[in-house]
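> Have a look at this one before I ask anything.
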Amino acid sequence: MQRYSAVLTPDPVSGFVVGFPDLPCGITQGETVEECLDRAADIVIGVAGELLKRREPLPRARRHRGPRVYAIALPALVEAKLALHETLRQSGLSKSALGKRLGAHPMQLDRLFDLRHASRMDQVEAALRALGKRLVVSVEDAA
């Protein structure tokens, strides 16, 4: 999945201000780099969740470089849900058509696309299978 960049700008009052060059909105701040990165992931999830609700495509994440540029890692379940959203969008099917394929109620389907809901990974996998895809997991070195 794509990783969005967070750019930390030093601020004499609040430590750092965090911006996101590839997202249409979102800003946060923190006293330390670690605090900023935790908050940055929350902002990315929030902005992506809003785009999902509006059925808009996620913006492409570009590779940014610099001394205070960090690629934001998201939880695996969020990554899987974002991939499901993009797969559904590209398929041209509606959410209700996917729900029929899965035998799922509308509320169950809404939760499956809610980035803050703790869906089970097997539910996301089933939805991807219904769209002719499969979920692939990989492991990377921690940054």
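The values are calculated or read from the model by the stated rules, or taken from the named source; none is laboratory data. Only a predicted model underlies this, so the values are computations on that prediction, with no experimental measurement involved. Cβ atoms come from the backbone with ideal geometry, glycine included; neighbour counts cover every protein chain shown. Note: accessible area is taken over every heavy atom of the protein model, side chains too, but ligands, DNA and RNA are not part of it. Shrake-Rupley method; radii C 1.70, N 1.55, O 1.52, S 1.80 Å.
Every residue, every condition in (1) of a type in the set (Lys, Arg); (2) touching a helix residue (DSSP H, G or I) at 6+ places or on another chain (Cβ under 9 Å); (3) over 19 Å from VAL47 (Cβ atoms), yes or no:
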position	(1), (2), (3)
ARG62	yes, no, no
LEU74	no, yes, no
GLY99	no, yes, yes
LEU109	no, yes, yes
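> Something else now. Just for region 34-73: of the residues that are modelled with pLDDT of 90 or more and in contact with a Lys or Arg (Cβ under 8 Å, 6 or more places away or on another chain), which one is farthest from ARG3 (Cα to Cα)?
GLY49
> For region 87-99, check the following and say yes or no: at least one residue is open to solvent by 70 Å² or more (accessible area, probe 1.4 Å), assigned to a helix (DSSP H, G or I) and out of contact with any Lys or Arg (no Cβ under 9 Å at 6 or more places or on another chain).
For region 87-99, residues open to solvent by 70 Å² or more (accessible area, probe 1.4 Å), assigned to a helix (DSSP H, G or I) and out of contact with any Lys or Arg (no Cβ under 9 Å at 6 or more places or on another chain): present.
> Which residue pairs have Cβ atoms under 9 Å apart, sit 6 or more places apart or on different chains, and have a first residue in region 74-91 that is in contact (Cβ under 8 Å) with a residue 24 or more places away in the chain and closer than 16 Å to ARG60 by Cβ and a second that is aromatic (Phe, Trp, Tyr) and in a helix (DSSP H, G or I)?
Filtered contacts from region 74-91: HIS85/PHE113.
> Which residue is nearest to GLU56 (Cα to Cα), if the candidates are limited to region 100-120 and must be in a helix (DSSP H, G or I) and of a type in the set (D, E, K, R)?
By that ranking, first place goes to ASP110.
> Pick out the one residue from ARG101, ARG65, ARG89 that is of a type outside the set (S, T, N, Q) and farther than 23 Å from GLU125 by Cα.
On inspection, the qualifying residue turns out to be ARG65.
> Kindly indicate the residue of region 1-58 that is aliphatic (A, V, I, L, M) and over 28 Å from HIS117 (Cβ atoms) and also most open to solvent (accessible area, probe 1.4 Å) among those meeting that condition.
VAL13
> Kindly indicate whether any position in region 35-50 is free of Cβ contacts under 8 Å to residues at least 12 places away in the same chain and under 20 Å from LEU109 (Cα atoms).
yes
> Could I ask something else about it? Provide a single number: the residues in region 126-143 that are without any contact (Cβ under 8 Å) to a residue 40 or more places away in the chain, part of a loop (DSSP other than H, G, I, E, B) and hydrophobic (A, V, I, L, M, F, W, C).
3
> Same structure, new question: Cβ contacts < 6 Å: first residue under 17 Å from GLY49 (Cα atoms), restricted to region 5-34; second residue surrounded by fewer than 12 Cβ atoms within 10 Å (Cβ to Cβ), any location; separation 6+ or different chain. Result?
ASP22/ARG62
> Which residue pairs have Cβ atoms under 9 Å apart, sit 6 or more places apart or on different chains, and have a first residue in region 99-125 that is closer than 20 Å to LEU51 by Cα and a second that is β-branched (Val, Ile, Thr) and surrounded by 12 or more Cβ atoms within 10 Å (Cβ to Cβ)?
So the pair list comes out as LEU112/VAL124; LEU115/ILE45; LEU115/VAL78; ARG116/ILE45; ARG116/VAL78.
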